[in-house]
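Trainee: Dropping the structure in here first, questions after.
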Amino acid sequence: MMPVYGMAEATLAISFTPLMKPSVITAFDASLLDRERIAKRVEPDAPEARILSAVGIALNNVNIRIVDDKELPLENGIAGHIQLKGAGITKGYFRNPAATASAFCGEWLRTGDIGFFYEGLLYISGRHKDIIFKNGRNYFANDLESMACTIDDISYGKVCFGGTTSKETGLDKVIVFVAGIPETKAFEKFMKLRGLLRSNLGITVDEMILIKSMKSPKPQAANCNDIN
């Protein structure tokens with residue numbers, strides 16, 4: 001068993017932990033990583049620590065680069081958008097030129113993942129679409145969801161965070177969708193969740209919406225015919 005990185009558009013495999021080598025797990029300063037995209041190592045038990053597993057090094061014939069929002073290459077230790085090129089990378093999506101055009105920066109495939117290189121190894125820190133903007137800072141939805149699950153009656157797979165902009169004020173808003181909580185406990189759990197995230201991550205949850213589990217949308221599996 002080893003941490004790896006792959007996607008269908010790359011004919012699955014992108015990077016692997018070298019065989020017979022132990023997995024590398026590193027703690028980084030979460031606040032610095034989110035605010036300035038700088039990967040700074042900290043002690044695993046530090047309050048600001050975010051534990052990430054390296055996903056190894058690029059396989060043969062796969063090139064990986066990290067770029068900023070203007071798609072300019074970044075130095076090692078700086079988080080940005082992960083892009084790929086190589087013989088095994090798709091040339092486009094079947095009969096979908098619009099999707100193909102938006103997926104590439106020249107010959108580089110935009111993965112949609114956020115990551116960085118640190119001491120020669122690749123780390124994945126999140127998905128670009130999962131970033132929530134609030135008060136000039138970036139937060140990853142999975143970090144908020146993991147912390148929310150430490151509260152009684154909130155369980156993994158039944159909580160989802162999202163961001164939006166208020167039409168009235170133009171300010172960023174954070175909304176949490178939760179399933180499985182009785183209406184009688186909703187206000188109590190909402191206030192507990194707000195306090196937990198505000199004290200630990202410095203983010204305020206603006207609204208909580210109760211949903212039924214079957215009403216929570218789930219992504220559909222990709223059709224293999226969609227990729228060339």
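The values are calculated or read from the model by the stated rules, or taken from the named source; none is laboratory data. Bear in mind that the values here come from a model prediction, so they are computed numbers and not experimental data. FYI the Cβ positions are ideal-geometry reconstructions off the backbone, even for glycines, and counts take in every protein chain you see. The protein model used for the area step is the full one, side chains on, heavy atoms only, and it has no ligands, DNA or RNA in it. Shrake-Rupley method; radii C 1.70, N 1.55, O 1.52, S 1.80 Å.
Trainee: Using the structure shown, decide if GLY112 is in a strand (DSSP E or B) and open to solvent by less than 40 Å² (accessible area, probe 1.4 Å).
Mentor: yes
Trainee: Determine, yes or no, whether ALA98 is more than 15 Å from ILE64 (Cβ to Cβ), touching a strand residue (DSSP E or B) at 6+ places or on another chain (Cβ under 7 Å), modelled with pLDDT of 95 or more and of a type outside the set (Val, Ile, Thr).
Mentor: When the stated conditions are applied, ALA98 does not pass them.
Trainee: Within region 14-34, count every residue that is assigned to a loop (DSSP other than H, G, I, E, B) and open to solvent by 80 Å² or more (accessible area, probe 1.4 Å).
Mentor: The qualifying residues number 4.
Trainee: Could you tell me which residue of region 63-88 is modelled with the lowest pLDDT, considering only residues that are of a type in the set (A, V, I, L, M, F, W, C) and surrounded by fewer than 19 Cβ atoms within 10 Å (Cβ to Cβ)?
Mentor: Ranking the candidates gives ALA87 first.
Trainee: May I pose another question? Applying the selection to region 123-151, what residues are closer than 15 Å to LYS189 by Cα and in contact with a helix residue (DSSP H, G or I) (Cβ under 8 Å, 6 or more places away or on another chain)?
Mentor: Answer for region 123-151, where residues must be closer than 15 Å to LYS189 by Cα and in contact with a helix residue (DSSP H, G or I) (Cβ under 8 Å, 6 or more places away or on another chain): LEU144, MET147, ALA148, THR150, ILE151.
Trainee: Output the residues belonging to region 154-195 that are assigned to a loop (DSSP other than H, G, I, E, B) and of a type in the set (Asp, Glu).
Mentor: GLU168
Trainee: Residues ARG95, ARG65, ARG110: which one is of a type in the set (Lys, Arg) and within 27 Å of PRO22 (Cα to Cα)?
Mentor: ARG65
Trainee: Something else now. Of all residues in region 160-208, which are within 19 Å of ASN142 (Cβ to Cβ), free of Cβ contacts under 8 Å to residues at least 40 places away in the same chain and of a type in the set (Ser, Thr, Tyr)?
Mentor: Across region 160-208, the qualifying residue is only THR164.
Trainee: Here are the criteria: (1) in contact (Cβ under 8 Å) with a residue 40 or more places away in the chain; (2) hydroxyl-bearing (Ser, Thr, Tyr); (3) open to solvent by less than 50 Å² (accessible area, probe 1.4 Å). Tell me which single one THR11 does not satisfy.
Mentor: Result: THR11 fails condition (3) only.
Trainee: Same structure again: When the residues of region 204-218 are filtered to those that are part of a loop (DSSP other than H, G, I, E, B), open to solvent by 100 Å² or more (accessible area, probe 1.4 Å) and at pLDDT below 75, which remaining residue is nearest to LYS189 (Cα to Cα)?
Mentor: Result: PRO217.
Trainee: Across region 121-153, what is the number of residues that are in a strand (DSSP E or B) and touching a strand residue (DSSP E or B) at 6+ places or on another chain (Cβ under 7 Å)?
Mentor: 14
Trainee: Could you check how many residues of region 48-62 are open to solvent by 50 Å² or more (accessible area, probe 1.4 Å) and assigned to a loop (DSSP other than H, G, I, E, B)?
Mentor: Result for region 48-62: 4.
Trainee: Still on this model: Taking the condition under 21 Å from VAL24 (Cα atoms), in contact with a Leu (Cβ under 9 Å, 6 or more places away or on another chain) and modelled with pLDDT of 95 or more, does GLY56 pass?
Mentor: yes
Trainee: Condition first: outside any strand (DSSP E or B), touching a residue at least 24 places away in the same chain (Cβ under 8 Å) and open to solvent by less than 60 Å² (accessible area, probe 1.4 Å). Now tell me which residues in region 93-109 satisfy that.
Mentor: ALA103
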